[in-house]
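Here the structure is laid out as structure tokens; the discussion comes afterwards.
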Amino acid sequence: MRTKRIIFLLFCLSALLPVSAQQKPVEGTTYFLPKTAVRFALLVEKTTFEPGEYARYAERYMKLPVREEAETSYRIVGCTMSLFALPDTAKEFKAIIDSKHTIITLERDENGILKAINHKGIEMDKPAEFMAAPRQKTADPHSFMTEEMLSAASSAKTAELIAREIYDIRDSRNMLSRGEADFMPKDGEQLRLMLHQLQTQEQALLQVFAGTTTTDTTEHVLTYIPTREVKDEVFFRFSKRLGLLDSDDLGGEPYYINVRDLKVIPTLRYEFEEPAKRTKEDIGINVCLPGKIQLTLKGGNQTLAAYELMAAQFGRVENLSANLFGKKFTTRLVLNPVTGNVEKIQTEPLQ
């Protein structure tokens, strides 16, 4: 009983000791190493066909075999890839910053990913913003119709009058081109303008029979985080009638992604000689030596994209010796903000 009282008294006394006499919490800065993610930018072209107002008369008056049903179709016309980083929550560390070590600055990005120590970090270029091409304006055929066309008693009569006007325009253009028109232009520029005006009128009026076809290209961004080797994993589906679909939507044809680990990991290279003696002291400075992978996107019996890239999660973590930031040496460290790879490690002895 007496022994238990002594232990209890010693415990109480230790609690009353000043903070300096107890073990102090370690001062440091928490950071993450990155996880490499892939951003695919797919360019999808949408083509829309609208039948002409008088499409049913196209064969009779213009000898044109045209469709009378509206139709929309899609196709993939391009694919680009870019990389970005996410914080790897499984690789969270704390860098010890105290008077015993020469860690002056430690730079992290907005997500807490380590970018540099004692140096300015690398700023990655952002993907170029997609700019859709401006749509070409089509002329309104009604603005070129005569009063007789607009007031015709039936659609068949209107179609006949429009067809007759189109043939007259073609005759006028041919006569101007051969120099046989009753009123020839005075110079080449005036001739060019007249021919252009006739062509504009013909194309506008011809729309009422042949219909109009418009195309529009949009960008769709898909994100993928490779974590292991995969073979023919459905990434998304695509339909010529519906466009881009989710991977579980059976309305489209599957597009597969393949990830192959190439088993290549870079070695850590020092700009100057590494301090020969390593210490068991760990000050929490870790870097990522990423692994090389092959990424392939395919579908529709063709390879849409194939890339080789470095990914942090396929490599390994390397702990840097505390000697690099000790009293005898100082180190400037710059990491790749996407892969975590060491871009620069410059060690200098202190005087």
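For segment 68-99, how many residues are without any contact (Cβ under 8 Å) to a residue 12 or more places away in the chain, outside any loop (DSSP other than H, G, I, E, B) and of a type outside the set (A, V, I, L, M)? Working first, answer last.
Start the filter on segment 68-99 by keeping residues that are without any contact (Cβ under 8 Å) to a residue 12 or more places away in the chain, which leaves 90, 99.
Those still in the list that are outside any loop (DSSP other than H, G, I, E, B) too: 90.
From what's left, of a type outside the set (A, V, I, L, M): none.
Qualifying residue count, segment 68-99: 0.
For segment 91-122, a residue qualifies if it is open to solvent by 90 Å² or more (accessible area, probe 1.4 Å), modelled with pLDDT of 90 or more and closer than 20 Å to GLU343 by Cβ, and the qualifying residues are ARG108, GLU110, LYS120.
In segment 314-328, the count of residues that are open to solvent by less than 30 Å² (accessible area, probe 1.4 Å), assigned to a strand (DSSP E or B) and closer than 25 Å to VAL234 by Cβ is one or more.
With the requirement that a residue be of a type in the set (D, E, K, R) and closer than 12 Å to ILE285 by Cα, what does segment 304-331 give you?
Filtering segment 304-331 for residues of a type in the set (D, E, K, R) gives 308, 316, 318, 327-328.
If the condition is that a residue be of a type in the set (D, E, K, R) and closer than 12 Å to ILE285 by Cα, then GLU318 is the only one that fits.
To keep it simple, each residue is scored yes or no on (1) more than 30 Å from ILE166 (Cα to Cα); (2) assigned to a helix (DSSP H, G or I); (3) out of contact with any Ser or Thr (no Cβ under 8 Å at 6 or more places or on another chain); (4) at pLDDT 95 or above.
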{"position": "LYS4", "(1), (2), (3), (4)": "yes, yes, yes, no"}
{"position": "CYS12", "(1), (2), (3), (4)": "yes, yes, yes, no"}
{"position": "PHE32", "(1), (2), (3), (4)": "yes, no, no, yes"}
{"position": "THR36", "(1), (2), (3), (4)": "yes, no, no, yes"}
{"position": "THR47", "(1), (2), (3), (4)": "no, no, no, yes"}
{"position": "TYR57", "(1), (2), (3), (4)": "no, yes, no, no"}
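Take the conditions (1) in a loop (DSSP other than H, G, I, E, B); (2) surrounded by fewer than 12 Cβ atoms within 10 Å (Cβ to Cβ); HIS196 misses just one of them, which is (1).
Conditions first: (1) touching a Phe, Trp or Tyr at 6+ places or on another chain (Cβ under 8 Å); (2) under 30 Å from LEU335 (Cβ atoms); (3) free of Cβ contacts under 8 Å to residues at least 24 places away in the same chain. THR102 passes all but one, so which condition is the exception? The one condition THR102 does not meet is (3). Apart from one condition, GLU165 fits all of (1) more than 30 Å from VAL208 (Cα to Cα); (2) at pLDDT 90 or above; (3) touching a Leu at 6+ places or on another chain (Cβ under 9 Å); the exception is (1).
The condition of being farther than 30 Å from ASP249 by Cβ and either surrounded by 15 or more Cβ atoms within 10 Å (Cβ to Cβ) or at pLDDT 95 or above (or both) holds for only one of VAL230, VAL208, that being VAL208.
The values are calculated or read from the model by the stated rules, or taken from the named source; none is laboratory data. No experiment lies behind these values; they were computed from the predicted model shown. No Cβ is skipped: glycine too gets one built from the backbone with ideal geometry, and neighbour counts run over all protein chains shown. Note: areas computed on protein heavy atoms with side chains; ligands, DNA, RNA excluded. Shrake-Rupley method; radii C 1.70, N 1.55, O 1.52, S 1.80 Å.
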